[in-house]
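Worksheet: the structure to be examined is printed underneath.
The values are calculated or read from the model by the stated rules, or taken from the named source; none is laboratory data. A quick note: this is a predicted structure, and the numbers were derived from the prediction, not measured. When we count neighbours, we look across all protein chains shown, and the Cβ atoms used for this are built from the backbone with ideal geometry, even at glycine. Side chains included, ligands, DNA and RNA excluded: accessible areas come from the protein's heavy atoms. Shrake-Rupley method; radii C 1.70, N 1.55, O 1.52, S 1.80 Å.
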2 protein chains.
Amino acid sequence: MKIALVGIGKIALDQHVPAIATSPDWELAATVSRKGTVDGVPSFDSMDHMLDARSDVRVVSLCLPPVPRFEAAKTTIEAGRHVMLEKPPGATLSECHTLIGLARQHGVSLFATWHSREAAGVADAQAWLADKTLRKLTITWKEDVRRWHPGQDWIWQPGGMGVFDPGINALSIVTKILPDPIHVSSAVLEVPENCQTPIAAEIDFHHPAGAEVTASFDFLQQGEQIWTIKAETDEGVLILSDGGANLTIDGKDMLRSDAFSLTGEYPRLYAQMARLVESGRIDMDLTPMRLVADAFTLGRRMPVAPFVE
Amino acid sequence: MKIALVGIGKIALDQHVPAIATSPDWELAATVSRKGTVDGVPSFDSMDHMLDARSDVRVVSLCLPPVPRFEAAKTTIEAGRHVMLEKPPGATLSECHTLIGLARQHGVSLFATWHSREAAGVADAQAWLADKTLRKLTITWKEDVRRWHPGQDWIWQPGGMGVFDPGINALSIVTKILPDPIHVSSAVLEVPENCQTPIAAEIDFHHPAGAEVTASFDFLQQGEQIWTIKAETDEGVLILSDGGANLTIDGKDMLRSDAFSLTGEYPRLYAQMARLVESGRIDMDLTPMRLVADAFTLGRRMPVAPFVE
């Protein structure tokens with residue numbers, strides 16, 4: 001199936017283009033971007049031009065930042081094409097609900113992807129936790145924004161989510177592996193004086209059985225970069241590290257030998273999109289994004305030193 | 001049916017107690033509050049004491065501020081009682097979803113009330129707008145916080161929503177009367193330097209057919225207090241004023257003579273709760289609250305002068 005990629009920035013070139021190139025399902029047939037291009041692939045400077053010129057492209061994958069994503073998704077759905085959305089699926093929850101309604105109306109597939117849920121250790125972590133009693137869960141997501149998000153000014157603007165841009169990956173994993181629903185009970189958001197979004201956050205969650213669930217996000221981490229979820233249960237301690245790529249239980253490496261049969265998060269997402277299109281389904285789980293919106297609504301903001309990249 | 005009222009503050013005494021007193025469906029059988037009481041009604045100092053002592057009370061109406069509301073609702077549902085929630089139905093969207101799951105599990109009714117939707121002019125406004133083409137909709141919600149919210153410090157704390165505490169009333173009306181979904185496309189939130197929540201807000205909404213939809217909220221309004229929604233259409237101008245209590249179309253008063261057959265917003269809510277309990281249903285429309293969470297997520301914050309009551 002022919003697919004178009006919209007927004008040729010860092011995530012598109014690092015992840016989407018290689019995943020499509022190695023996929024048995026997809027052929028990258030067009031790109032839309034203000035600046036970026038992909039060698040050998042026809043490029044367009046606007047959604048409308050591409051959709052008009054390429055009726056053979058039935059599926060569009062959007063890698064734009066959250067704020068401009070809605071208009072691109074709306075245009076694409078109204079043109080009768082299937083849509084795959086980078087995370088988060090939009091700048092607001094309500095616009096995502098509107099897209100669900102539009103996709104139903106036009107009979108197209110819509111996929112809110114959460115790439116971290118496809119990390120190698122996540123499915124096994126979910127299976128193991130299903131019948132355990134959780135006592136404590138600690139999310140530690142600490143990375144150096146200058147290293148991983150160079151030049152991404154939109155992260156600091158309204159709707160850019162700040163440290164929740166990576167943090168939502170942790171929330172996407174936790175809401176998949178825990179059998180019970182959690183919600184934000186309090187949060188402290190550290191916001192640089194010259195930014196609109198948090199550079200660090202401490203979040204407490206309510207867990208229905210009273211387990212202590214917390215998250216610590218930091219965008220100024222030096223040295224070791226940490227993307228870890230530690231779950232302490234009545235039957236042992238589970239640790240997902242490296243963003244979900246590694247899994248240990250009581251210190252023992254638990255990664256199944258077949259965990260890499262589909263190599264990596266994005267190839268799995270594109271395989272899933274192929275199945276959604278074939279079966280005409282919509283997959284829009286907004287749970288991780290709702291937790292972010294809740295943290296922004298309920299969080300206590302603390303001003304901190306200006307951020308200069 | 002016997003009902004307990006929890007949180008005997010301003011809204012409970014001004015609205016809930018009189019509405020229950022004049023209702024053919026309800027008898028106020030108990031109250032729970034740290035301070036407030038209602039003459040002649042047994043009062044309790046904790047939810048657990050009341051629920052244990054009064055198995056005859058099958059329905060509980062919660063008038064607590066948003067932040068403590070979840071624990072009270074959870075306790076009540078787990079005790080097998082039906083729950084009615086003052087607006088907003090919680091401090092976060094996720095906790096409301098958790099309550100929906102709990103209510104289903106325990107087979108009880110759950111009602112997220114939006115009292116402004118029951119204002120006298122709202123149903124007729126909805127009916128009139130259903131087949132019109134909207135060109136412009138302007139929400140103006142400007143009131144003096146010192147006059148209407150004396151001593152309500154929680155409004156300025158995280159989760160208290162600030163000017164969105166009244167503003168969500170306007171959003172509850174607009175999401176009921178408009179046939180099309182809207183979402184926040186940008187917002188400016190003015191936050192006093194000594195507060196956590198906005199004292200004023202300007203919001204732009206996306207409308208699917210391109211109508212210009214805006215809201216202007218202000219908590220420092222002097223003189224005339226304004227709670228007005230003006231809808232300009234291809235077939236005339238509709239104005240809902242006084243928080244929905246009055247309706248004009250092209251300047252002509254449109255209020256039906258039977259609009260006051262149930263006198264006021266809260267009596268209608270309690271009548272609706274009686275119907276929900278009788279039929280075992282859940283009514284939890286979170287659309288207005290989602291728009292607030294979206295404004296908090298996407299809004300640009302501007303510091304303004306400290307607020308001193």
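When the chain is fully extended, how far beyond the present Cα-Cα distance does B:Gln225 get from B:Asp144, taking 0.36 nm per residue of separation?
Gain in length upon complete extension: 28.4 nm.
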Once accessible area is computed for B alone, A alone and the pair with a 1.4 Å probe, the total buried surface, to the nearest 100 Å², works out to 2800 Å²
Which angle from 0 to 90°, rounded to the nearest 10, does the C-alpha axis of helix A:66-78 make with the longest principal axis of chain A?
-> 40 degrees
To the nearest Å, what is the center-to-center distance of segment B:68-100 and segment A:269-292, using C-alpha atoms only?
-> 29 Å
How many angstrom separate the Cα center of segment A:178-213 from the Cα center of segment B:147-186?
-> 23 Å
MRE, 222 nm, helices only [DSSP H, n ≥ 4, -39500 (n - 2.57), over chain A, to nearest 500] | -9000 deg cm²/dmol
Full-stretch length increase - A:Arg34, A:Lys252 - with 0.36 nm per residue and alpha-carbon distance subtracted = 73.7 nm
So for the pair A:His49, B:Thr214, with labels modelled 7 Å out along Cα→Cβ, what separation do we get in nm?
-> 3.3 nm
Indicate the gyration tensor shape class of segment A:226-309 (rounded, prolate or oblate), computed on the Cα atoms with a ≥ b ≥ c the square roots of the eigenvalues: a/c under 1.5 is rounded; otherwise a/b larger than b/c is prolate and the rest oblate.
-> oblate
With Cα springs under 10 Å, the Gaussian network model of chain B assigns the largest mean-square fluctuation among B:Thr133, B:Thr37, B:Thr113 to B:Thr133
Compute log10 of I(q)/I(0) for the protein assembly as shown with the Debye formula, placing one identical point scatterer on every Cα and leaving out solvent, at q = 0.13 Å⁻¹, to two decimals.
-> -1.50
Counting only protein heavy atoms with a 1.4 Å probe and every protein chain in place, the carbon and sulfur fraction of the accessible surface of the protein assembly as shown in whole percent equals 49 percent
Mean accessible area per residue over the protein assembly as shown (1.4 angstrom probe, all protein chains present, square angstrom) is 40 Å²
Sort segment A:1-92 into rounded, prolate or oblate with this rule: let a ≥ b ≥ c be the square roots of the eigenvalues of the Cα gyration tensor; rounded if a/c is under 1.5, and if a/c is not under 1.5, prolate when a/b is larger than b/c, oblate otherwise.
-> rounded
In segment B:278-309, which residues become less accessible by 40 Å² or more once every protein chain is in place, relative to the chain on its own, using a 1.4 Å probe?
-> B:Arg290, B:Asp294, B:Phe296, B:Thr297, B:Leu298, B:Arg300, B:Arg301
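To the nearest 0.05, how large is the calculated FRET efficiency for B:Arg300 and A:Glu78 if R₀ is 22 Å and r is the Cβ-Cβ distance?
0.15
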Normalising by the residue count of chain A, find the relative contact order in percent from Cα pairs under 8 Å and 6+ residues apart.
-> 20 percent
Mind checking segment B:1-41 for trypsin sites (Lys or Arg not before Pro) that DSSP puts in a loop (not H, G, I, E or B) and that have at most 10 other Cβ atoms within 10 Å?
-> B:Arg34, B:Lys35
If you put a point 7 Å past Cα along the Cβ direction, how far is that point for B:Pro150 from the same point in each other copy, in nm, smallest first?
-> 6.1
Probe 1.4 Å, all protein chains in place: accessible area of B:Phe307 in Å², nearest 10?
-> 20 Å²
So how much accessible area does B:Met1 have, in Å² to the nearest 10, using a 1.4 Å probe?
-> 90 Å²
What do you reckon, how do B:Arg146, A:Arg104, A:Arg147 stack up by accessible area (1.4 Å probe), largest on top?
-> A:Arg104, A:Arg147, B:Arg146
Say a label goes 7 Å from Cα toward Cβ at B:Met302 in every copy; what distances in nm does this one have to the rest, shortest first?
-> 2.8
Can you give the average number of partner chain beta-carbon atoms within 10 Å of each beta-carbon in peptide B:152-161, as a whole number?
-> 2
Within a 10 angstrom radius of each residue's Cβ in A:87-94, how many Cβ atoms of other chains show up on average? Whole number is fine.
-> 6
Dipole of segment A:2-112 [Lys/Arg +1, Asp/Glu -1 at C-beta], most positive-end residue of A:Cys96, A:Gln15, A:His82 | A:Cys96
What FRET efficiency would be calculated for the residue pair A:Gln126, A:Met1, taking the C-beta separation as r and a Förster radius of 30 Å, to the nearest 0.05?
-> 0.55
Across the identical copies, how the A:His49 labels are spaced - nm, sorted shortest first, 7 Å along Cα→Cβ | 7.3
By DSSP, what percent of the beta bridges with both residues in the protein assembly as shown are antiparallel, rounded to the nearest 5?
-> 50 percent
Within segment B:77-110: backbone nitrogen closer than 16 Å to the A:Asp234 label point (7 Å, Cα to C-beta) = none
Give, rounded to the nearest 20 debye, the magnitude of the charge dipole that the protein assembly as shown has about its Cα centre when Lys and Arg contribute +1 at Cβ and Asp and Glu contribute -1 at Cβ.
-> 520 debye
The answer for the net charge of residues other than B:Glu235 whose Cβ lies under 12 angstrom from its Cβ, with Lys and Arg +1 and Asp and Glu -1, is -2
From highest to lowest solvent-accessible area (probe 1.4 Å; ligands, DNA and RNA excluded), A:Ile229, B:Ile226 read B:Ile226, A:Ile229
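Given the pairs A:Lys230/B:Lys87; B:Lys142/B:Lys252; A:Lys176/B:Lys2; A:Lys176/B:Lys136; A:Lys176/B:Lys132; A:Lys132/B:Lys176, which are separated by over 32 angstrom at their Cα positions?
Values: A:Lys230/B:Lys87 36 Å; B:Lys142/B:Lys252 24 Å; A:Lys176/B:Lys2 41 Å; A:Lys176/B:Lys136 42 Å; A:Lys176/B:Lys132 43 Å; A:Lys132/B:Lys176 43 Å.
Pairs exceeding the cut-off: A:Lys230/B:Lys87; A:Lys176/B:Lys2; A:Lys176/B:Lys136; A:Lys176/B:Lys132; A:Lys132/B:Lys176.
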About the Cα centre of chain B, how large is the charge dipole given +1 on each Lys and Arg Cβ and -1 on each Asp and Glu Cβ? Please answer in debye to the nearest 20.
-> 500 debye
